[in-house]
Amino acid sequence: MPRTSTKPRRSGDSNLKLPDVLTELNMSRSAFYRLRARGQAPRCIKLPNGQIRVRRSDLDSWFAACEELAA
């Protein structure tokens, strides 16, 4: 059964769970937290239960910035 929400979602505005982000980055959890501690990770949302989420748009922007640095 599809999940219904009262808040409309815009494309590019979905929240990714940390395991999904780590899979996409092909990165370990510890490496991600090192980047985060240095302020070099994508912008994160910390939920009240301690879980981390990353907006799809923030991850895409972070990738674009990494591309520009590598060029």
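Quick note: the coordinates plus some simple rules give every number you see, no bench work behind them. As the structure is a computational prediction, the values presented were derived from the model and not from experiment. For neighbour counting, all protein chains shown are included, and Cβ atoms are generated from backbone atoms with ideal geometry for every residue, glycine included.
Summary table below
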read-out: Equivalent ellipsoid dimensions for segment 15-70 as semi-axes, Å, which come from the Cα gyration tensor, largest first; value: 18, 13, 11
read-out: Listed residues Tyr33, Leu16, Pro48: farthest to the positive end of the dipole of segment 15-70 (Cβ charges); value: Pro48
read-out: Charge dipole (debye, nearest 20) of segment 15-70; +1 at Cβ of Lys and Arg, -1 at Cβ of Asp and Glu; value: 380 debye
read-out: Relative contact order for segment 15-70, counting Cα pairs under 8 Å that sit 6 or more residues apart, in percent; value: 37 percent
